[in-house]
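Read the structure below first, then the notes.
The values are calculated or read from the model by the stated rules, or taken from the named source; none is laboratory data. What you see is a predicted model, and the numbers here were worked out from it, not measured in a lab. Positions of Cβ are backbone-derived with ideal geometry, glycine not excepted, and every protein chain shown enters the neighbour counts. Accessible surface is based on the protein model in full, side chains and every heavy atom, while ligands, DNA and RNA are left aside. Shrake-Rupley method; radii C 1.70, N 1.55, O 1.52, S 1.80 Å.
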Amino acid sequence: MIVYAQGDITKFDVDAIVNASNGFGYMGGKRCVNELHRGVAESIQFASQGAVERLARAKCKAHSFFGYSPGTVFVTDAPNLGCRKIIHAVTMRTPGSKAKIKKIMELILKIVAVAEDLNMKSIAIPLLGCGTGGLDRKTVQNLLAHNLISDKVTFYAILYSCAVYGICIVTAPY
């Protein structure tokens, strides 16, 4: 089931949050620990006080000198957050690069599989690749609507994260 929502992804009462990640695990660095910046990774970095980024960077470094490649999913704990895990969906190899829609499709299917394998009941997922990655929001929203299929997991598709902008409301899809 998919529930469409808006709001600060770090505030949702879910088992896991999906982070559109780069292959090296960077999530905004020290600048995002002390002040809130726009973006999912930056919101997670702020809310976790840098703890999730440390775990993600260590996991990427242990995996390979070149980190994870786009289309890969890896999972870390979520210290200082209300959820249990962060599912890192690698949308781009390096920080600041562009995402490819084909990889987003692969990632959605992998996220469903990981969620079911880990017996998760609820996942908050943003519009992957639509921030820094530069992908079209409507296209990614349609991919989520047609491919986040599970009888076991409720997915909260976050159409707009507004941790920086204040109060938001739950909405129906566009």
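Structural remarks
- So Ala56, is it touching a Ser or Thr at 6+ places or on another chain (Cβ under 6 Å) and either surrounded by fewer than 24 Cβ atoms within 10 Å (Cβ to Cβ) or assigned to a helix (DSSP H, G or I) (or both): yes
- Qualifying residue in segment 138-150 (condition: in contact (Cβ under 8 Å) with a residue 12 or more places away in the chain, under 26 Å from Gly29 (Cα atoms) and either β-branched (Val, Ile, Thr) or assigned to a helix (DSSP H, G or I) (or both)): no
- Hits in segment 72-102 - residues which are under 14 Å from the mean Cα position of the chain (by Cα) and of a type in the set (D, E, K, R): Asp77, Arg84, Lys85
- The residue list Lys98, Lys61 contains one member that is more than 22 Å from Ala113 (Cβ to Cβ), without any contact (Cβ under 8 Å) to a residue 40 or more places away in the chain, assigned to a loop (DSSP other than H, G, I, E, B) and charged (D, E, K, R), which is Lys98.
Residues are listed down the side, and each one gets a yes or a no for (1) at pLDDT below 95; (2) open to solvent by 40 Å² or more (accessible area, probe 1.4 Å):
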{"residue": "Val73", "(1), (2)": "no, no"}
{"residue": "Thr76", "(1), (2)": "no, no"}
{"residue": "Ala89", "(1), (2)": "no, no"}
{"residue": "Ile104", "(1), (2)": "no, no"}
{"residue": "Leu107", "(1), (2)": "no, no"}
{"residue": "Ile111", "(1), (2)": "no, no"}
{"residue": "Gly129", "(1), (2)": "yes, no"}
{"residue": "Thr132", "(1), (2)": "yes, yes"}
{"residue": "Ser150", "(1), (2)": "yes, no"}
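- So Asp117, is it open to solvent by 10 Å² or more (accessible area, probe 1.4 Å), within 16 Å of the chain's Cα centre (by Cα) and at pLDDT 95 or above: no
- Where Arg38 falls short, out of the listed (1) crowded, with 20+ Cβ neighbours inside 10 Å; (2) among the basic types (Lys, Arg); (3) in a loop (DSSP other than H, G, I, E, B): (1)
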